[in-house]
Structure formats: structure tokens, C-alpha cells
Amino acid sequence: MVRERLARSSVGIAGLGGLGSNAAMALARAGIGRLVLVDFDVVEQKNLDRQAFGLGQVGSKKTTAMAENIAAVDPDIKVELHDLRLEGGRMEVPFTDVDVVVEALDSAETKAVFIEEILLKLPKKPIVAASGVAGYGKSEGIRLRRTGNLYLVHDDDAPSSDDAVLLAPRVGLFAHMQANTVLEILLEGSDGD
Amino acid sequence: MGIKVNTKPVDWVEGETVTQLLSRMTYTFPLVVVKIDGEVIPKSEYPNTYIPDDSEVEVIHLISGG
């Protein structure tokens, strides 16, 4: 029952950095039927300390590189790519027909604008966001806060990425907590078998 | 007379806008999403939106990194 429901579900991911690339892989492995991936950027070697790409993908668009990595795990997953920078005022456009949106952007200001736009323009859409991923350790400080349709994986005591390093373990924890929360939303009311 | 900000009791100030409340609470605009009694307030409305007495304000603070 769980697998059938996930195969019928769709998830949109805004940003394919440390959060988005790892959340996308987790959701792909969990068997989400359709993933909508949005990013404007290109894979750089320095991204490989935390992002789910390989050396052979340096220089490729993140969207196409992610589609390759998903296809390598499960070629049946439908992947819709939007190679664009999300612009304030029309940020919700790629996500109108997905079941859940994942906020996986970088700067706090862009996160705030994106979350606000999704909540205002797609008021019924669940959005799973993340805040405070920089640094290492302090796993016990990572929490999930829910307010209406906003689910925020956060550590309010964490430093900004302007002041602290971003590394795979902690970014991965947040990305997987986001993906895990997505499953909880999609499977609400399921008996879990 | 009082409001709650992120579940914490805070004095209500007559005629205070969202912008003024954020400044009083030392939150960093524009790195926040604000809800009053469950309703999202667009950033453009912060200077024109007054905090009602007895209201519950949520300030969701975002930290960079992704």
C-alpha cells in the first residue's frame, strides 16, 4: 500500500544543492513516481563535499546531472526538469501540480521569499523547508516545526553558511529529515504496511 | 493586554506594526516569514499591518545554507 501510494505521488524540489540533491535521491529511492526538479546552476567540483553528484558531472547542469543519477537508481521515475533561477513574483509556477514542495535553496533571504510565496499563492500545498544546516555535530538540536502547511526542519542555534562550513553529514541529516517528512505527509492516513 | 510571539508572552503595544514588532524583538528583516493568527503576512504589508491585541504571532526565522 505504501509503495503504491508513493508511486502515485509527485514532489517538487526547489534547488539541487546539498539539501535538494540528497533529498531527491532519497525520494527517488523511496519510489516517488514523479519528481519536479528546479535549479539554474552547474555542478562544480567544490560542490562534491555535500551534493549528490560525481566528478564526471562537473560542468553539467545540475538538473540534467540529477536526472541521470535518479535514472541510474530507478529509470521508471518521471523527472521533470526546470533549468531556471526562481524569480520573486513567480516562484510557485513550477510547483502548481505537485503534491508536496521541498524548499532546498541556499540564502536565508531567498528561502524566506520562496516560503512566503508558496504559502500565499498555493495555500493548500504542503511545503517542507530547512534552516540552519551549516556546521557539523549538534545533531540533537535539529527539530521539525509545523505551522499550518509549513514544515520546517531547523536548528535555530546554528550559524549561517556565511560564517560556517557546509558538509555532507549535517546537510544530509537535514535533507533526509525533509524527505522523511515528505513521506509522512504523502502517507497520512496510511496504515503503513 | 498581551500577544504571543512564537508562544512567548509579549506586551501588546497599541498601533505597533509588524515592522516595529520585528525591530522590538530584534529579528532580522528580511530573513523571516511572519504569521498572525495563522495567516501569512506578505513582506510588503509589514509596515501597514498592525498587531491586534490578543493575537498569536509566529516569526519563522531562516538561516542561510543549503
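Please verify whether A:GLU188 is assigned to a loop (DSSP other than H, G, I, E, B), charged (D, E, K, R) and more than 19 Å from A:ARG50 (Cα to Cα), treating the condition exactly as stated.
Considered against the rule, which asks whether it is assigned to a loop (DSSP other than H, G, I, E, B), charged (D, E, K, R) and more than 19 Å from A:ARG50 (Cα to Cα), A:GLU188 comes out as yes.
Considering only segment B:18-36, how many residues are outside any helix (DSSP H, G or I) and out of contact with any Ser or Thr (no Cβ under 6 Å at 6 or more places or on another chain)?
The qualifying residues number 11.
Every residue in segment A:90-126 that is farther than 18 Å from A:VAL182 by Cβ, within 11 Å of chain B (Cβ to nearest Cβ) and open to solvent by 10 Å² or more (accessible area, probe 1.4 Å), please.
Of segment A:90-126, the ones farther than 18 Å from A:VAL182 by Cβ are A:90-91, A:93, A:106-110, A:112-113, A:116-117, A:120-121, A:123.
Pick out the ones that are also within 11 Å of chain B (Cβ to nearest Cβ) and you get A:106-110, A:112-113, A:116-117, A:120-121, A:123.
Result: A:ASP106, A:SER107, A:GLU109, A:THR110, A:VAL113, A:GLU116, A:GLU117, A:LEU120, A:LYS121, A:PRO123.
May I ask you to list the residues in segment A:147-158 that are of a type outside the set (Phe, Trp, Tyr) and touching a Ser or Thr at 6+ places or on another chain (Cβ under 9 Å)? I'd like the intermediate steps shown before the answer.
Our first condition is that a residue be of a type outside the set (Phe, Trp, Tyr); within segment A:147-158, this holds for A:147-150, A:152-158.
Correct list: A:LEU152, A:VAL153, A:HIS154, A:ASP155, A:ASP156, A:ALA158.
Quick one: how many residues across segment A:54-78 are open to solvent by 50 Å² or more (accessible area, probe 1.4 Å), in contact with a helix residue (DSSP H, G or I) (Cβ under 6 Å, 6 or more places away or on another chain) and under 15 Å from A:LEU27 (Cβ atoms)?
Counting residues in segment A:54-78 that are open to solvent by 50 Å² or more (accessible area, probe 1.4 Å), in contact with a helix residue (DSSP H, G or I) (Cβ under 6 Å, 6 or more places away or on another chain) and under 15 Å from A:LEU27 (Cβ atoms) gives 1.
Need pairs with beta-carbon distance below 6 Å; first residue under 15 Å from B:THR7 (Cβ atoms) and more than 9 Å from chain A (Cβ to nearest Cβ) and within segment B:22-47, second of a type outside the set (Asp, Glu) and in a loop (DSSP other than H, G, I, E, B); sequence gap 6+ or separate chains.
B:ILE36/B:SER55; B:ASP37/B:SER55
So which residues in segment B:48-66 are more than 9 Å from chain A (Cβ to nearest Cβ), surrounded by 14 or more Cβ atoms within 10 Å (Cβ to Cβ) and in a loop (DSSP other than H, G, I, E, B)?
Matches in segment B:48-66: B:THR49, B:ILE51, B:SER55.
Take segment A:23-44 and flag every residue that is buried (at least 24 other Cβ atoms within 10 Å of the Cβ), assigned to a strand (DSSP E or B) and either of a type in the set (Val, Ile, Thr) or at pLDDT below 95 (or both).
A:VAL38 - this is the single residue of segment A:23-44 that is buried (at least 24 other Cβ atoms within 10 Å of the Cβ), assigned to a strand (DSSP E or B) and either of a type in the set (Val, Ile, Thr) or at pLDDT below 95 (or both).
Here's the yes/no breakdown for (1) among the charged types (D, E, K, R); (2) over 22 Å from A:PHE114 (Cβ atoms); (3) surrounded by fewer than 17 Cβ atoms within 10 Å (Cβ to Cβ):
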site	(1), (2), (3)
A:THR147	no, no, yes
A:LEU152	no, no, no
A:ASP156	yes, no, yes
A:ALA175	no, no, no
A:SER190	no, yes, yes
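Please specify each residue of segment A:79-89 satisfying the condition of being touching a residue at least 40 places away in the same chain (Cβ under 8 Å), of a type in the set (Asp, Glu) and open to solvent by 70 Å² or more (accessible area, probe 1.4 Å).
A:ASP83
Select, from A:GLY20, A:GLY59, the only residue that is at positive phi and outside any strand (DSSP E or B).
So the residue among A:GLY20, A:GLY59 that is at positive phi and outside any strand (DSSP E or B) is A:GLY59.
The values are calculated or read from the model by the stated rules, or taken from the named source; none is laboratory data. This one's a predicted model, so the numbers in the text were calculated from it and none came from an experiment. No Cβ is skipped: glycine too gets one built from the backbone with ideal geometry, and neighbour counts run over all protein chains shown. Areas reflect the complete protein model, heavy atoms only, side chains present, ligands, DNA and RNA absent. Shrake-Rupley method; radii C 1.70, N 1.55, O 1.52, S 1.80 Å.
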